[in-house]
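This report concerns only the one structure given below.
Every read-out reported here was derived from the displayed coordinates using simple, explicitly stated rules and does not represent laboratory data. Remember, it's a predicted structure, so these values are computed and weren't measured experimentally. Neighbour counts are summed over all protein chains in view; Cβ atoms, including those assigned to glycine, are modelled from backbone coordinates with ideal geometry.
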Amino acid sequence: MSSTVSDLSSMSTRRAVFPFTAIVGQEEMKLALMLNVIDPKIGGVMIMGDRGTGKSTTIRALADLLPEIDVVADDPYNSSPTDPELMSDDVRDRARNGESLPIAKRHVQMVDLPLGATEDRVCGTIDIEKALSEGVKAFEPGLLAKANRGILYVDEVNLLDDHLVDVLLDSAASGWNTVEREGISIRHPARFVLVGSGNPEEGELRPQLLDRFGMHAEIRTVKEPELRVQIVEQRTEFDQNPQAFLDQCRTEQEALQRQLVEAQTRLKSVVVDRELKVKISEVCSQADVDGLRGDIVINRAAKALTALEGRSEVTVDDIRRVVVLCLRHRLRKDPLESIDSGYKVEKIFNSVFGLAPQEEMVQNGVGVR
């Protein structure tokens, strides 16, 4: 989201956020979030799992970790001063006219979508009376404008109105939000990483909506007593003295921030061998996945993982580590079944790639180098 690593010492002037590198376990969720930061076109993450497993904490920690971005200072949409694809129409016109754009640094936004939010609150509103009487497009930006070039987090997304979920997914896919009222149309850039979370006990999303999320991460409550104690002790230490805890993690935080920024830059040069692309599509075909979203997302996620680890060519192992995240929610299933934990996808993957079955997916042990 930026090519410059910011000084994390600025955290001392803001509300303390638990550091991303100190979060124990939940590797699947952390990997999916990092890959979406490297390539937002993966399409976001749906995180399903037990309550109290650190979903919100992890997402806030990731947003806090990311470096500051350059924005046009007087623009409400966090427009980029250099990239035309990330500019609002107004800023693009000003740039074309040779106007000097005021630049400011801004932290990556992590926008929480309230469960009871209305469409106007999310998309923004047009003041029809002012537009008709004064002839200007009076627009009050909504949450999608604030989330542009950031992260939009929807907790309990399975309880959100389907129409609102559709609006969010459309904006996330197109990168633009369009508001139309009484013949007046206004649009602005809305490129964000969409992260939804929920508890399966409270109901699943419709398959049509689930399919629109790029990745699906499952999280479970940690069972090992030693690990649970470690998590409790870390949280207690952070709550008692946040700044001291952040100082302990500063080196790791800066290293991971640098790694993510370098991965964003490196992503364009990562290649996937055609033979691997064919096998990816064969996995999707054998899994009876509708449409081509699965093929596209696996290719993108594997490339993002390759970039994250400092390489330029995707390997079979890279594909193995992302294939379940990308396909488990796209499988056709019996209405009484919950989302497959990954066994079916793993079995098909091993068959297509000619690999011996493994007791555990490699991705469960993924760590950041």
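Qualifying trypsin sites (Lys or Arg not before Pro) in segment 187-227, where qualification requires a DSSP coil assignment and no more than 15 other C-beta atoms within 10 Å, comprise R220, K223.
Please check which bits of segment 173-206 a label hung off R51 would reach, taking the label as a point 7 Å along Cα-to-C-beta and the cut-off as backbone N under 14 Å. From segment 173-206, the list is 198-203.
Where both bridge residues fall in the chain, DSSP classifies roughly 40% of the beta bridges as antiparallel. Highest mean packing first, where packing is the average number of other Cβ atoms within 10 Å per residue, the peptides 250-262, 63-75 line up as 63-75, 250-262. With 28 Å as the limit on Cα-Cα distance, the pairs of K41/K223; K55/K303; K223/K277; K55/K277 that go past it are K41/K223; K223/K277; K55/K277. Farthest toward the positive end of the dipole of segment 58-134, out of L65, V108, N78, is the Cα of L65, where the dipole comes from beta carbon charges about the Cα centre.
Kirkwood Rh over Cα pairs of segment 155-266 into Stokes-Einstein at 37 °C, 0.692 mPa s: D in µm²/s? It diffuses with D of about 179 µm²/s by this estimate. For segment 219-322, relative contact order (Cα pairs under 8 Å, six or more residues apart, normalised by length) works out to 28 percent.
Charged side chains reduced to their Cβ positions (Lys and Arg at +1, Asp and Glu at -1) give segment 270-356 a dipole of some 140 debye around its Cα centre. In the chain, Rg over Rh equals 0.97, where Rg is the alpha-carbon radius of gyration and Rh the Kirkwood radius from pairwise Cα distances. For segment 270-356, the C-alpha radius of gyration sits at 1.06 times the compact-globule guess of 2.2 N^0.38 Å, with N the residue count. The amide H of G124, built 1.01 Å from its N in the peptide plane, has G142, L143 as neighbours under 5 Å, considering only residues 5 or more places off or on other chains.
Label sites at R92 and K277, each approximated as a point 7 angstrom past Cα along Cα to Cβ, lie 2.7 nm apart. Overall size of segment 25-221 from C-alpha positions, given as principal axis extents largest first: 55, 36, 23 Å.
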